[in-house]
Amino acid sequence: MMISFGIKDALDVLLVAFFTYQIYKLMKSSGTLPVFSGIVSVVIVWLIVSQVLEMRLMGAILDRFISVGFIVLVVLFQDDIRRFLVTLGSNPGWRFVAKLFSRRTTDTKEQNYIAPVVLACMNMARKKTGALIVIRREMDLSDYAKTGEMFMADINARLIENIFFKNSPLHDGAMIISDGRIIAAGCILPVAKNVSLPKEMGLRHRSGLGMSKETDALIIIVSEERGTIAVAHNGQIAANVSAEDLRQILAGERDV
């Protein structure tokens, strides 16, 4: 029996290999590589048993296991899957898909927040005033905003500095910026766990990094002890960021 293998089949194999490799890279960066390895192992065993060896009983059992296993994986690894999907949506190669379904547009008003945010961060760093600023990208942050005091205010450097002033009741929490406006302050962010950070990075840095793992937001951290600025995004954190670097990151001219 002749098995034909044409251009369409070669393209099919290449696409499967490409998407598998992309998923592997994304799960590796999101810390869920062991889950990916386990799933691949089960699928390989299933294919060998049912397709190659044609074992009916084992094949039927594994067929049921595969069918139910998807639901079990969703229940057991819902946090890992959520982080993986966040990483997928934040990846530059896939971001165009989100834009097809998003009505949010970047206009001049939304970009006007960059200058006052950079100025406020530089002033707070010079005065060693701690701050934690979350800037929304595509994902909704209303659940995090509800943990603090919600309001709607135009952005200016003086207002940001007053919110994070040491005697302010909101200075310990995070400020959330969405669509070029401040929507909440004093918010509680998820703290990153099982990560190794330099000793000079404290709870603010862990909270900023944790938020960057849970969402696609960009987080600015001003250190109260050292008077330095750090930026967290997509599970990565950059320390000792200069004013120009911060401006470029906020403007989307460079990555963290």
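The values are calculated or read from the model by the stated rules, or taken from the named source; none is laboratory data. Quick caveat: nothing in here was measured; it's all calculated off a predicted structure. In this analysis, Cβ positions are derived from the backbone assuming ideal geometry, glycine residues included, and neighbour counts consider all displayed protein chains. To get the accessible areas, we keep the full protein, side chains included, count just its heavy atoms, and leave off ligands, DNA and RNA. Shrake-Rupley method; radii C 1.70, N 1.55, O 1.52, S 1.80 Å.
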Could you work out how far the C-alpha centroid of segment 168-209 sits from that of segment 234-253, in angstrom? 16 Å
Give the aspartates and glutamates whose C-alpha is closer than 12 Å to that of Lys146, dropping any in the same chain fewer than 8 places away, or say none. none
Set of aspartates and glutamates with alpha-carbon distance to Lys127 below 17 Å, sequence-local pairs under 8 removed: Glu161, Asp172, Glu224, Glu225
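Around Gln236, what is the net charge, scoring Lys/Arg as +1 and Asp/Glu as -1 over all other residues with Cβ under 10 Å from its Cβ? Spell out each step's value before the answer.
Numbers: positive: Lys213; negative: Asp255.
Net charge in that neighbourhood comes out at 0.
Determine the dipole magnitude for segment 113-251: charges of +1 sit on the beta-carbon of Lys and Arg, -1 on that of Asp and Glu, nothing else is charged, the reference point is the Cα centre, and the result goes in debye to the nearest 20.
Numbers: 16 positive and 15 negative charges, 81 e Å.
Charge dipole of segment 113-251: 380 debye, to the nearest 20.
Quick check: at a probe of 1.4 Å, how many percent of the accessible area of segment 113-251 sits on carbon and sulfur atoms? Walk me through the numbers before you get to the answer.
Working: 3070 of 6240 Å².
Summing carbon and sulfur atoms, their accessible area is 49 percent of the total for segment 113-251.
With a 10 Å radius around each residue's Cβ, average the other Cβ atoms per peptide and rank 9-18, 53-62, highest first.
Put in order of decreasing packing, that is 53-62, 9-18.
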According to a simple spin-label model (label point 7 Å from Cα along Cα-to-Cβ), what is the distance in nm between Phe165 and Ile7? 7.1 nm
Cα→Cβ-extended label distance, 7 Å offset, between Ala238 and Phe65, nm: 4.6 nm
Ordered by residue, what ³J(HN,Hα) values in Hz, to whole numbers, does segment 193-201 give under the Karplus form 6.51 cos²θ - 1.76 cosθ + 1.60, where θ = phi - 60° and Gly and Pro are x? 10, 6, 10, 9, 10, x, 4, 6, 8
Convert each backbone phi in segment 122-135 into a coupling constant with the Karplus relation 6.51 cos²θ - 1.76 cosθ + 1.60 (shift: θ = phi - 60°), then list the ³J(HN,Hα) values in order as whole Hz, x for Gly and Pro. 5, 5, 5, 5, 5, 8, 6, 9, x, 8, 9, 10, 10, 10
Cα gyration tensor shape of segment 113-251, rounded if a/c is under 1.5, else prolate or oblate by comparing a/b with b/c: rounded
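Which of the peptides 145-157, 122-134, 187-199 is most tightly packed, and how do the rest follow, going by the mean number of other Cβ atoms within 10 Å of each residue?
Numbers: 145-157: 14.8, 122-134: 19.4, 187-199: 13.2.
Listed from highest to lowest mean packing, they are 122-134, 145-157, 187-199.
How much area per residue is accessible in segment 113-251 when the probe is 1.4 Å and only protein heavy atoms are counted (Å²)? If you can, show how the numbers build up before the last one.
Values: 6240 Å² over 139 residues.
Accessible area per residue, segment 113-251: 45 Å².
Can you give the local net charge around Ala184? Use residues other than it whose beta-carbon is closer than 15 angstrom to its beta-carbon, Lys and Arg +1, Asp and Glu -1.
Working: positive: Arg136, Lys146, Arg181; negative: Asp140, Asp143, Glu149, Asp154, Asp172, Asp179.
Summing Lys/Arg as +1 and Asp/Glu as -1 gives -3.
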